[in-house]
Amino acid sequence: MKPRTKIQHEGFKMNSNVIDIQKHIETWAFKECNEKIGLATKTKFWCIDCGEYHPISLVRNGKAKCPNCKVDLTILQSRKRKYYQRYWVAFAELSSGELMGEVQVIRLFEVQSNHSVNYMPQVYVKESVRQFIPENHSKIQYVARMRNMGQEYPCCGDLEIRNVSNYQSWNYNPYPYRYHPWSQFKTRYEKIGINKDLQGLSFLESTRILSYNSKAETLLKLGQYGLFSECSNNEGRIYRYWNSIKIALRNKYNIHDAGIWLDYLGLLEFFNRDLNSPKYICPKDLKTEHDRYVKKKNEHDRRERLKAQREKLANEEKAYREMKSPFFGIAFSKGDITIKVLESVKEFMEQGDILKHCVFASEYYKKSDSLILAAFVNDEPIETVEVALNTMEIVQARGIHNNPSPFNSDIRSILKSNMGKISNIYDSIKKAN
Ligand SMILES: [Zn+2]
């Protein structure tokens, strides 16, 4: 859009005076920022920087120097014949205007790099966002490309003044993984550690966090970019483990992966280990120790789950016994068929397992107004029967997969002719209450 307000005109004017840096960004991105890898099969590898194949014999400990372009490569196992890289980098410079005063300019470039066997890589560098940031960070002026529907960051159209609302400002603030070494920051930023080495958070996100979080400032000054970036989404953990962080840094412990290390501190805390002891908080091999504690924690959780299950079952057994024990011992037989009252929750489980129905899963043992009996033929479970205690009616009698067995009508008739015994017990329970 065309600049309309006075401040937009000023932003537009500063925009036309920025340093011509495009060519330098292109050379630097390809040389210094791109991944340098070789993709290897069993016999050969190809260098993604020049597209040439070389014999596998050149590889030592996962590394090789490309004989053609002389680049040091990390070798990965892959049959891929194409490779693609995409990331953002940035350049910082200073400008000034009458309304905005001294302005920090952050320019963001998207790099896309296509590699394929037998071809030189094609690298595209596109500057898509410029942030003109005044001293107090209010009324930041954006000169940017357009953002298409569904796209995270702007990439099309021309670099123009854009009205960026608060809720979409993150779309105009991609995280640059590196700053060009010629970048220039205001002295007051340099003093707190925001310089060309800034990593982990974008410039705007960094300054926002530093404005209220003094621990972030300490971490940044110490060059602890991993922990610094955790101040954004995991601020709580930084505060919680601040003592351990100080001890680890005093012991010159190298925190490569801040996320994993903070997870690990959480696990140590769970197992009541001393979080002030370098012995625990500074493991030589963090990954192995972390994984060991994760395993320990999973094992602990599994035991807890089993314990809870056992307790639940024990409580249910007790409740079932209290409710139905007056009926225990009831059994009727005729010919090969025996019918008896279920005397434990475990027996409900067995019925459900053998006859593949839901008498256990649906927790029939909790029903106070029903009595559940099992019918056996020559000691083989054959049907499960529910009797409604209020009416002394057979509600259901089901065999395997809920179907009636060939003995269904015999079972029902045996039960009906003995219903008086159940009824008598039920009456005496009611009287006692
Ligand atoms: Zn090469």
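The values are calculated or read from the model by the stated rules, or taken from the named source; none is laboratory data. Just so you know, these numbers come straight off a predicted model, no measurement behind them. We place every Cβ from the backbone using ideal geometry, glycine too, and count neighbours over all the protein chains shown.
Quick check: is even one residue across segment 69-78 among the small types (G, A, S) and either under 30 Å from S128 (Cα atoms) or surrounded by 15 or more Cβ atoms within 10 Å (Cβ to Cβ) (or both)? Steps first, answer last, please.
Quick first cut of segment 69-78, residues among the small types (G, A, S) only: 78.
Of the ones still in play, those that are also either under 30 Å from S128 (Cα atoms) or surrounded by 15 or more Cβ atoms within 10 Å (Cβ to Cβ) (or both) are none.
Within segment 69-78, none of the residues are among the small types (G, A, S) and either under 30 Å from S128 (Cα atoms) or surrounded by 15 or more Cβ atoms within 10 Å (Cβ to Cβ) (or both).
Among the listed residues G236, G223, identify the single one that is small (G, A, S), over 30 Å from V345 (Cα atoms) and part of a helix (DSSP H, G or I). One residue alone meets the criteria, G236.
Conditions (1) β-branched (V, I, T); (2) assigned by TED's automatic domain parsing to the domain that holds G236, marked per residue:
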site: K196; (1), (2): no, no
site: Q199; (1), (2): no, no
site: T207; (1), (2): yes, no
site: A216; (1), (2): no, yes
site: K221; (1), (2): no, yes
site: Q224; (1), (2): no, yes
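Checked against (1) away from the ligand (no atom under 15 Å from the Cβ); (2) under 35 Å from the mean Cα position of the chain (by Cα), E35 passes all but a single condition, namely (1).
Being of a type outside the set (D, E, K, R), within 13 Å of the ligand (Cβ to nearest atom) and over 19 Å from E110 (Cα atoms): is that true of I7 here?
On the way: of a type outside the set (D, E, K, R): yes; within 13 Å of the ligand (Cβ to nearest atom): no; over 19 Å from E110 (Cα atoms): yes.
No, not satisfied.
Only one of the listed residues (Y253, Y189, Y212, Y175) is part of a loop (DSSP other than H, G, I, E, B) and either under 28 Å from K126 (Cα atoms) or of a type in the set (G, A, S) (or both). That residue is Y175. Of all the listed residues (Y119, Y83), the sole one being within 16 Å of the ligand (Cβ to nearest atom), surrounded by 14 or more Cβ atoms within 10 Å (Cβ to Cβ) and of a type outside the set (V, I, T) is Y83.
Residue-by-condition table, conditions (1) among the aromatic types (F, W, Y); (2) at pLDDT 95 or above; (3) more than 31 Å from the chain's Cα centre (by Cα):
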site: A90; (1), (2), (3): no, yes, no
site: L94; (1), (2), (3): no, yes, yes
site: E98; (1), (2), (3): no, no, yes
site: V105; (1), (2), (3): no, yes, yes
site: L108; (1), (2), (3): no, yes, no
site: V111; (1), (2), (3): no, yes, no
site: V117; (1), (2), (3): no, yes, yes
site: E127; (1), (2), (3): no, yes, yes
site: I133; (1), (2), (3): no, yes, yes
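Would you point out the residue of segment 198-209, among those that are crowded, with 18+ Cβ neighbours inside 10 Å and in a loop (DSSP other than H, G, I, E, B), that is modelled with the lowest pLDDT? Can you show your working first?
Residues of segment 198-209 crowded, with 18+ Cβ neighbours inside 10 Å: 198, 200-204, 206, 209.
Next cut, in a loop (DSSP other than H, G, I, E, B) only: 198, 200-202.
Numbers: L198: 94, G200: 88, L201: 92, S202: 95.
Among residues in segment 198-209 that are crowded, with 18+ Cβ neighbours inside 10 Å and in a loop (DSSP other than H, G, I, E, B), the one modelled with the lowest pLDDT is G200.
For segment 8-38, residues that are without any contact (Cβ under 8 Å) to a residue 40 or more places away in the chain and either within 21 Å of E160 (Cα to Cα) or in a helix (DSSP H, G or I) (or both) total 6. Meeting the requirement of 3 or more residues that are within 30 Å of K312 (Cβ to Cβ), the strands (runs of 3 or more DSSP E) wholly within segment 325-433 are 337-341, 370-377, 380-388, 393-398. Would you say Y280 is free of Cβ contacts under 8 Å to residues at least 24 places away in the same chain and either surrounded by fewer than 11 Cβ atoms within 10 Å (Cβ to Cβ) or closer than 24 Å to A92 by Cβ (or both)? Criteria not met by Y280.
Checking each residue in segment 64-77 for being in contact (Cβ under 8 Å) with a residue 24 or more places away in the chain and within 16 Å of the ligand (Cβ to nearest atom) picks out A64, C66, V71, D72, L73, T74, I75, L76. Looking across segment 38-63 at every residue that is of a type in the set (V, I, T) and either more than 36 Å from the chain's Cα centre (by Cα) or surrounded by 15 or more Cβ atoms within 10 Å (Cβ to Cβ) (or both), the one that is nearest to the ligand (Cβ to nearest atom) is identified as I48. Please go through (1) under 17 Å from V103 (Cβ atoms); (2) modelled with pLDDT of 95 or more for K13 and return the number of the only condition it doesn't satisfy. In the conditions (1) under 17 Å from V103 (Cβ atoms); (2) modelled with pLDDT of 95 or more, K13 misses (2) alone. Quick check: is even one residue across segment 308-321 at pLDDT 95 or above and under 28 Å from the mean Cα position of the chain (by Cα)? Within segment 308-321 (the criterion being at pLDDT 95 or above and under 28 Å from the mean Cα position of the chain (by Cα)), the answer is yes, since at least one residue qualifies. Scoring W182 on the criteria (1) over 30 Å from H54 (Cα atoms); (2) buried (at least 16 other Cβ atoms within 10 Å of the Cβ); (3) of a type in the set (A, V, I, L, M, F, W, C) leaves a single failure, condition (2).
Hey, among I394, I382, I339, I354, which residue is closer than 28 Å to D427 by Cα, surrounded by 14 or more Cβ atoms within 10 Å (Cβ to Cβ) and touching a residue at least 24 places away in the same chain (Cβ under 8 Å)?
Numbers: I394 fails: touching a residue at least 24 places away in the same chain (Cβ under 8 Å); I382 fails: closer than 28 Å to D427 by Cα; I354 fails: closer than 28 Å to D427 by Cα.
Every option except I339 fails the conditions.
When E317 is tested against (1) part of a helix (DSSP H, G or I); (2) surrounded by fewer than 11 Cβ atoms within 10 Å (Cβ to Cβ), exactly one condition is not met: (2). For segment 52-83, the set of residues classified as in contact with a His (Cβ under 7 Å, 6 or more places away or on another chain) and within 30 Å of L108 (Cα to Cα) consists of K82, Y83, listed by residue number. For beta carbons closer than 7 Å, sequence separation of 6+ or different chains, a first residue in segment 80-108 that is on the phi > 0 side of the Ramachandran plot and free of Cβ contacts under 8 Å to residues at least 60 places away in the same chain and a second that is of a type outside the set (G, A, S) and loosely packed, with under 13 Cβ neighbours inside 10 Å, the qualifying pairs are G101/E135.
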